[in-house]
Amino acid sequence: MKMNSIHSCRKLHPKPEGLALQYGTAGFRTDAKHLDHIMFRMGLLATLRSKKTKSTIGVMVTASHNPEEDNGVKLIDPMGEMVTAVWEGYATQLANTEQDSLLKELKDIIEKEDIDMSEPASIYVGKDTRPSGASLSRAVLDGVSSLGGKTHDYGLVTTPQLHYMVCCCNTHGCYGSPTVEGYYQKLSQAFLQLTQNASNRTDDQKRLLVDGANGIGALKMREMEPFLRSKLQVVLSNDSSSGKLNHMCGADYVKVQQKAPQVGECCCSFDGDADRIVYYYTDSKGCFHLLDGDKIATLISTYLKELLTQAGLNLQIAVVQTAYANGSSTRYLEDVMKVAVCCTKTGVKHLHHAAQEYDIGVYFEANGHGTVLFSKAAQKQIQELVKDPNTNDERKRAVKLLESTINLINQTVGDAISDMLVIETVLAIRGMSVQDWHAIYTDLPNRQLKVTVSDRRVIDTTDAERRAVTPEGLQDAIDSLVKKYKTARSFVRPSGTEDVVRVYAEADTQENADRLAHEVSLAVYRLAEGVGDEPKPLH
C-alpha cells in the first residue's frame, strides 16, 4: 500500500472530531461542509472494491432530492447495482474511523477481503449540479489516486447514467457504449422504434411538460432532445437556469406535498439526480391527481403482460412492492391483472434483489424510484423468437416491441429519463391519456405520520416490515385499531436514520385514514417510549 501517498493526502482531508455517519440505502448524505473526508475515504474504498472485483466501480457524488446545501455519495458495483451490504458496513467503518486509525482500518479490510493490492483499479466518477460537487468529487479522485487507481471523471451526469456507464464497461460493451452519447443513442433508438407502433399520436401527445427539479436531469434532457427527432418535444420548467435545486419543485416535493411544483404547469417531475419520476395532472374542477410509483408499476406491468400473451411466451412477470404500496394497486394487480405481487422491505436495494428472482421483475417504490429487470433467460427467449422465421406476424410484432422495450429500460437502477420514455411509449401504443391511466384503479385514502422516540431500535419488524415484533403489545394494539375501519390497514417501522417511527395507515375515507394514523401514533408513543408531546389529532 502506498502509505506515504495516503498519509499526505489524508492530511488534506481531515475528519471532524465526533462526526459519525451511517452508509444507508442512499449512501452517505448530510450537509456538504461535513463530507470532504468522507469523499476521500470513499475514493479509497472504491479502489479496494475495484481491486477485489477486478472490475470498474462507480462513485456518484449526489444527495438526490435533498436541499441544495446537502451532498452525498453512493458506490456503484460492477453490474451497475448498489454496493453489497458487507461493503456498506466497510463504508460506515471507514467513514467514522478517527484520522490516526485510518491506515489500520484499510489494512483490516484488505486482510478480510484478501485483496491483491497489485491488481489495477478503475473508478468512474460523476456528480450532480450542486455547487459543492466540484470540490467533493476532487476529494474522491484524491482517494483513488493515493491508492494508485485510475479514474474516468464523467463530470455532470445523472445518477442512472453513471450506473449505466459502469455496467457498459464491465460487460465490455454488451449493455451499450459507456458514454453519455451512447446512453442517448441506445434509449432514443428504442423509443423511435417503439413509437412507430403508435401511428395516431397527435402533436399534443408528442409534447410533454417536465419539471427538472432545477437539477442534472433538466440539463441531460436538453442534451438528449435532438436524439428524439421531434417524436417527443420536452418543455422544461425548473430547468436550473434560475431556481434552487429541489426547492418547491421535483418529484419528492410533488409526492410529499401532493401538489404541482410552484413554478410551471407540468405533467411529470424528476428529482435532483434524476433517478425518480412521478406524473400528475389537475382536472377541470381544479383537483390534483398524482400518478406515483404504484401507478407506474401497474401501467408498465399491464403492458408487458399483454405483450407476453400476444407473443405466446410463458414467462413469469411479478411486481415487487413495499408495505407503502397502496392497497388498491396490490388488489388490482392480483385480482384483475393476475400478476404475481411480492412485498419486500423498504429500500431500493431490497426491491432490486427481489425483482431478480423472476423472469421479468417490475419494481417501483411509491416515491417513483424503480425499473424493470429481465432475466438473461427471458432476454434469450425474446431474441430467439425475433430471429425465428416461423414466428407469425402478431407474435413477431409483440416480441419486437418487447425487444425494443428492453433496450429502452435502464435495468441497472431507477432512471427518470428512461422511465419517462417507457411511460410515454406505453400510453402512445395503448392510445391512453394520463387521465385514462389514472382511472385504472382508485387509490385508497392514506396518511403517513412520524413519532419521535428515545430509541428507534425498540421497534423490530417482520413480514417485510408489515408487522411489529417489539415492543410487546404494539402489534395487538394496531390490529384492534385497524378492525374499527373499513378496508383498513396500518403498519409502523423505525426510520433508518433518525430516532423516529414512521406510521402508515389506509382506510375507506381520508377522515378514517387520518383517524387510524393518529390512533396508531398514540399507541407507538405510549408503548415505544415517545419523546415530547403526545401526537395530536389531525382534525
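The values are calculated or read from the model by the stated rules, or taken from the named source; none is laboratory data. Values in this document were obtained by computation on a predicted structure and should not be read as measured data. When we count neighbours, we look across all protein chains shown, and the Cβ atoms used for this are built from the backbone with ideal geometry, even at glycine. When the accessible area is computed, the model is the full protein with side chains, heavy atoms only, and any ligands, DNA or RNA have been set aside. Shrake-Rupley method; radii C 1.70, N 1.55, O 1.52, S 1.80 Å.
Observations on the model:
- Our estimate of slack between residue 79 and residue 230, defined as 0.36 nm per intervening residue step minus the Cα-Cα distance, is 51.1 nm.
- Heavy-atom accessible area for residue 487, with the other protein chains in place and a 1.4 Å probe, reaches approximately 80 Å².
- For the listed peptides 501-511, 162-172, a ranking on the average number of other beta carbons within 10 Å per residue, highest first, reads 162-172, 501-511.
- Spin-label proximity, residue 25 to the range 460-474 - amide N less than 18 Å from point 7 Å beyond Cα toward beta carbon: 460-468
- 17 Å cut-off, amide nitrogen to a point 7 angstrom out along residue 257 Cα→Cβ, residues in the range 59-89: 65-69
- A Förster radius of 51 Å combined with the Cβ-Cβ distance from residue 34 to residue 200 puts the calculated FRET efficiency at roughly 0.40.
- What the chain shows is 41 Å² of accessible area per residue, with the surface traced by a 1.4 Å probe over protein heavy atoms.
- Within the shell defined by Cβ-Cβ distances under 10 Å, the residues around residue 67 carry a net charge of -2, with Lys and Arg each +1 and Asp and Glu each -1.
- Using the Cβ-Cβ distance between residue 118 and residue 152 with R0 = 22 Å, the FRET efficiency computed as 1/(1 + (r/R0)^6) comes to roughly 0.55.
- Accessible carbon and sulfur surface of the chain relative to its total accessible area, %, 1.4 Å: 47
- Highest mean packing comes first when the peptides 336-343, 53-60, 352-359, 305-312 are listed by Cβ atoms within 10 Å, giving 53-60, 352-359, 305-312, 336-343.
- Gyration tensor verdict on the chain (Cα atoms; rounded if a/c is under 1.5, prolate if a/b is larger than b/c, oblate otherwise): oblate
- Positive minus negative residues near residue 266 (Lys, Arg vs Asp, Glu; Cβ under 13 Å): -1
- Fully extended contour minus Cα-Cα distance, from residue 392 to residue 463, at 0.36 nm per residue: 21.1 nm
- Sum of side-chain charges, residue 34 neighbourhood, beta-carbon under 10 Å (Lys, Arg +1; Asp, Glu -1): -1
- Between the range 404-428 and the range 99-145, the Cα center-to-center distance that results, in Å: 32
- Once both labels are positioned 7 Å from their Cα atoms along Cα-to-Cβ, the gap between residue 98 and residue 174 label points is 4.9 nm.
- Out of every Cα-Cα pair that the range 1-140 contains, those further apart than 28 angstrom amount to 10 percent.
- Cβ-derived FRET efficiency at R0 30 Å, residue 342 paired with residue 483, nearest 0.05: 0.70
- Computed with every protein chain present, the accessible area of residue 304 is close to 0 Å² [probe 1.4 Å].
- Helical segments meeting 24 Å axial Cα length and Kyte-Doolittle -1.0 threshold in the chain (DSSP H): 36-53, 293-311, 510-527
- Extension gain for residue 8 to residue 510 (0.36 nm times residue separation, less C-alpha to C-alpha distance): 174.8 nm.
- For residue 107, the lysines whose Cα falls under 27 Å of its own Cα, not counting residues fewer than eight places away in the same chain, are 2, 11, 15, 51, 52, 54, 74, 150.
- Among the trypsin sites (Lys or Arg not before Pro) within the range 185-236, those in coil by DSSP and having at most 12 neighbouring Cβ atoms inside 10 Å are 229.
- Each of the peptides 517-524, 29-36, 466-473, 279-286 was scored by the mean count of other Cβ atoms within 10 Å over its residues; in descending order, highest first, they stand as 517-524, 29-36, 466-473, 279-286.
- For the range 182-291: rounded, prolate or oblate by the Cα gyration tensor [a/c cutoff 1.5]: oblate
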